[in-house]
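Okay, so here's the structure we're looking at.
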Amino acid sequence: MAAALWRSCAKLKRNIPASWKTPHSVFKSSRSEAMTNLMHAPLGMLTEEEMMMKEMVKKFAQDRIAPLVKTMDANAKMDESVLQGLFEQGLMSIEVGPEYGGTGSSVFSVIVVVEELAKVDPAVALLCELQNTITNRMFIVYGTEEQKRTYLPRVAKDLTGSFCLSEAGSGSDAFSLKTRADKKGDYYIINGSKMWISFAEQAGVFFVMANVNPSLGYKGITCFIVDRDTEGLHVGKKEDKLGIRATSTCPVTFENVKVPETSILGQLGQGYKYAIGILNVGRIGIAAQMLGLAQGCFDHTIPYVKERVQFGKSIFDFQGMQHQIAQVATQLEAARLLTYNAARLVEAGKPFIKEASMAKYYSSEVAALTASKCIEWMGGVGFTKDYPIEKYYRDCKIGAIYEGTSNIQLSTIAKCIAQEY
Amino acid sequence: MAALRALVGVKRVIDYAVKVRVRPDGGGVVTDGVKHSMNPFCEIALEEAVRLRERNLLQEVVVVSCGPPQCQETIRTALAMGADRGVHVEIPAPEYEHFGPLQVAKILAALAKREGVSLVLLGKQAIDDDCNQTGQMTAALLDWPQGTFASALALAGDQLTVEREIDGGLENIRLRLPALVTADLRLNEPRYATLPNIMKAKKKKIEVLKASDLGVDLSSRLGVQRVEEPPQRQAGLKVETVEDLVGKLKEGGLV
C-alpha cells in the first residue's frame, strides 16, 4: 500500500507519510490523483503536523487569549498582544509559502487552527480566518508576481487586510454594488462607500471591489488593492454589535481615491470571479469558526452539568438531559465532518462548492442550537456574564448572516443539486 | 571556540491536565487512549538549550526520548521548538514496565559519550513518577559535575554558572564543562512552537536506536508491588473560635 503511494506521489516530489496520513498539497495543486489513491482514513484523523498545530494553538489560546476574552468583548477592542501573538506564531500566514515568510501549510491546517481559536474566542478566530482565507488567498491565487512579492511578506509579518465588497445597498445582492472606479490615464479614481467591513479599524490594506464600467454590469467589477494611508480613504465609526465585538466592523468611504493601474489585483473586470472563488473557500473557514464556537461552548457546559446536583443526583444523570445532550453532540459531530470533508475536497482539487455551502449553513445552525441549549442546561448562571456561555450565544448569530446568509447557502446548494439531475 | 553540543532528554508523560485513574489490576495507572505530552520540566530544559543555541553558545542541540514508538511525537515537538535532531531509544512494552531512572541514566550516559556532547540538560523530575533521580544518576555515571534545580544558567567558554533553588534560598555554583544541569520551574518560560517551525520539523532527522545498540543493560532491581488511589478526602468541620478549634482537635485525639 505504502509502496504504491510512493510511486504515484514520487513524481510530485512530496514527502511520503505513513500510510494513514494524508499528504499535504499546496492548495493550488490540481494534481489530485494521488489523493484518490489514499486509504480511507476517518475524516477526523489529522496528520502529525496538523495535530502539532492543533496542540500548539490550543495551548496558545488558553494561555494568551482566554484571560483577555471578557475584557475584549466588553470594550469591543482586540488586544494588541493577541494580534501580535497570532503573527508571531505564524497563524496569520498559514498557506503563504516559506519563501515569503509564511508557514507553507495547507487549507486544512487553516481549518484546524480556526476551530481551536474559536473554542476560546470566535472573534479572534474570525481575525485569523479572514486573514488566511481572504487576504492571503487573494494575493496568492490572483495576485501578479509583483503584488505577491510586495504584499505576502508583509501579511506574514504584521499587515492585516480587509475585504470591501458589501455596501449599504448591496449585501446578498453583492454585485449590484455602486462603488465606481473611473479611469484617468494611468490611474483610477474610486468613489463610493462600503459597509460592514471587518477589521477596517486595524487593516493596513483594503481589497476594494469597484465597477470600472457599470454598463457592463457585474463584468465591470474589478478588485483594487488600496493601502490604508491613501488620500480619500476614510474608515468610519465601528458598529456597536451584539457579538464578535472584539473585531471592528466599520463603514469605509472612498472620496476620489486615486490609485495606479498597477493596483488592480490580477486582471481588469475579474472582481466578480475572484470574489466568488475566494468566498467559496472562505465559507469553510466560517464553518470552522462556528464549529469551534459550538464545541467551546459545549466543553464549558458539560463539566458544570456533571457537577450540579439537584434532587440528589447530578443533572447530567437525568435521562431528559442526557437525550438533549446526545442530540446536540451528534449534530456537532455532523457539522465537524461536513466542515472537514469540505476542506479535504479543496485540498484534493475536487469540486467543493456544494459541500462548502452545506458546511457553512449547517455549522452556523448547529452553533446557534448548541449555544442556546447550553444556556438552558447551565440554568440561571448561563444567563449571567460571569460565565462564558452567554458570549457564545451572542457570537453565534452572525454565523447565519455573514459570508453568505443561510438563505443564499441553501440557494447555492439547490443550484448544485439542479445540475446533478 | 570549540564546537559545544548539548543533549536534552525529553520524557513523554501523561498530560498534566488529565484526571489520572488507577488501572483495575492495581499495577499502575491507565495510559491507553489518555492524552500524553512532553514533561513540563523537560520543556524548560529544552527551551534553555534552544536559547543557548540561538545565541551561538551551542552549535547543536540533540534531543533524546526513551520509550514506545509514540515518543517520536514528543521528539517531533522538540524539533519544532528548535532542537536540531532527535534520537529515539525504543524500549519495547514489556521492558517499559520496569523502566526507571537508573535505566534512563545508563542510556543518557552512553549517548552523551557517543555524541560527544559537553552539556546534558534535563528536567529536574518527571510529573508522572516525581523521582528526581535521573539527572543526578546520569552525572554520577559520567563522572561529570552537576547543577540541579537550576533557576538560572550562564555559559561563558567552558565555565557554567548555575543558580540553584535550594531549601535555604538560592545557591550559585560554577561548573567546568562537560557538565549536567537539571531545570527547575523558574529557569525560563518555554516557547510555543510556531507554525513555520512545525513544518520545518518534518525535515529534521530522528534516529531510532535500541538500548543494546548503546551497550546498555535494562534489567531492573525494582518492581512495583501495588498502585492505589489516595484515600477519599473526608468532609471537614467549621468552628467559630480558636478555643473551639483546640477543643475539637483534643477531642479527636489529634493533639
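The values are calculated or read from the model by the stated rules, or taken from the named source; none is laboratory data. Note that the structure is predicted; figures quoted are calculated from it, not measured. Ideal geometry is used to build each Cβ from the backbone, glycine not excepted, and the neighbour counts take in all protein chains shown.
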**Request:** Report, by residue number, each residue of segment A:172-198 that is assigned to a strand (DSSP E or B) and buried (at least 17 other Cβ atoms within 10 Å of the Cβ).
**Result:** A:180, A:181, A:188, A:189, A:190, A:192, A:193, A:194, A:195, A:196, A:197, A:198
**Request:** Go through segment A:101-121 and count every residue that is more than 24 Å from residue A:149 (Cα to Cα) and either of a type in the set (Val, Ile, Thr) or within 10 Å of chain B (Cβ to nearest Cβ) (or both).
**Result:** 5
**Request:** Check residue B:86 against each of (1) within 14 Å of another protein chain (Cβ to nearest Cβ); (2) over 11 Å from residue B:9 (Cα atoms) and name the one condition it does not meet.
**Result:** (2)
**Message:** Would you confirm, using the coordinates I've provided, whether residue B:189 is more than 30 Å from residue B:94 (Cα to Cα), surrounded by fewer than 17 Cβ atoms within 10 Å (Cβ to Cβ) and in contact (Cβ under 8 Å) with a residue 24 or more places away in the chain?
**Reply:** yes
**Fill in**
Scanning segment A:247-293 residue by residue, those farther than 14 Å from residue A:225 by Cβ, outside any helix (DSSP H, G or I) and charged (D, E, K, R) turn out to be A:255
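Listed here are the residues, each with its yes/no results for (1) more than 14 Å from chain B (Cβ to nearest Cβ); (2) surrounded by fewer than 24 Cβ atoms within 10 Å (Cβ to Cβ); (3) under 20 Å from residue A:290 (Cα atoms).
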| position | (1), (2), (3) |
| --- | --- |
| A:57 | no, no, yes |
| A:64 | no, yes, no |
| A:81 | no, yes, no |
| A:95 | no, yes, no |
| A:99 | no, yes, no |
| A:123 | yes, no, yes |
**Message:** Among the residues in segment A:152-171, are any without any contact (Cβ under 8 Å) to a residue 40 or more places away in the chain and part of a helix (DSSP H, G or I)?
**Reply:** no
**Message:** Taking the criterion of being assigned to a helix (DSSP H, G or I), more than 23 Å from residue A:246 (Cα to Cα) and in contact with a Pro (Cβ under 9 Å, 6 or more places away or on another chain), would at least one residue in segment A:408-417 satisfy it?
**Reply:** yes
**Request:** Might you check whether a residue that is assigned to a loop (DSSP other than H, G, I, E, B) and without any contact (Cβ under 8 Å) to a residue 40 or more places away in the chain occurs anywhere in segment B:53-63?
**Result:** yes
**Of the criteria (1) part of a strand (DSSP E or B); (2) at pLDDT below 95; (3) acidic (Asp, Glu), which one residue A:201 fails** = (1)
**Request:** Give the residue, chosen from B:82, B:33, B:9, B:27, that is farther than 20 Å from residue B:188 by Cα and either touching a residue at least 12 places away in the same chain (Cβ under 8 Å) or among the aromatic types (Phe, Trp, Tyr) (or both).
**Result:** B:27
**Request:** Select from segment B:175-186 the residues that are surrounded by 13 or more Cβ atoms within 10 Å (Cβ to Cβ) and free of Cβ contacts under 8 Å to residues at least 40 places away in the same chain and write down the one among them that is farthest from residue B:3 (Cα to Cα).
**Result:** B:186
**Request:** Find the residue count for segment A:83-93, including only residues that are hydrophobic (A, V, I, L, M, F, W, C), within 11 Å of chain B (Cβ to nearest Cβ) and assigned to a helix (DSSP H, G or I).
**Result:** 2
**Request:** Taking the options A:4, A:34, A:74, name whichever one is modelled with pLDDT of 95 or more, over 17 Å from residue A:125 (Cβ atoms), more than 10 Å from chain B (Cβ to nearest Cβ) and in a helix (DSSP H, G or I).
**Result:** A:74
**Item:** Count of segment B:174-213 residues which are in a helix (DSSP H, G or I) and away from chain A (no Cβ under 14 Å)
**Value:** 6
**Request:** State which residue is farthest from residue A:381 (Cα to Cα) when the search covers only segment A:294-333 and only residues that are among the acidic types (Asp, Glu) and either without any contact (Cβ under 8 Å) to a residue 60 or more places away in the chain or not in a helix (DSSP H, G or I) (or both).
**Result:** A:333
**Request:** Output the helices (runs of 4 or more DSSP H) that fall wholly within segment B:78-173 and possess 3 or more residues being buried (at least 21 other Cβ atoms within 10 Å of the Cβ), or say none.
**Result:** B:101-115, B:134-142
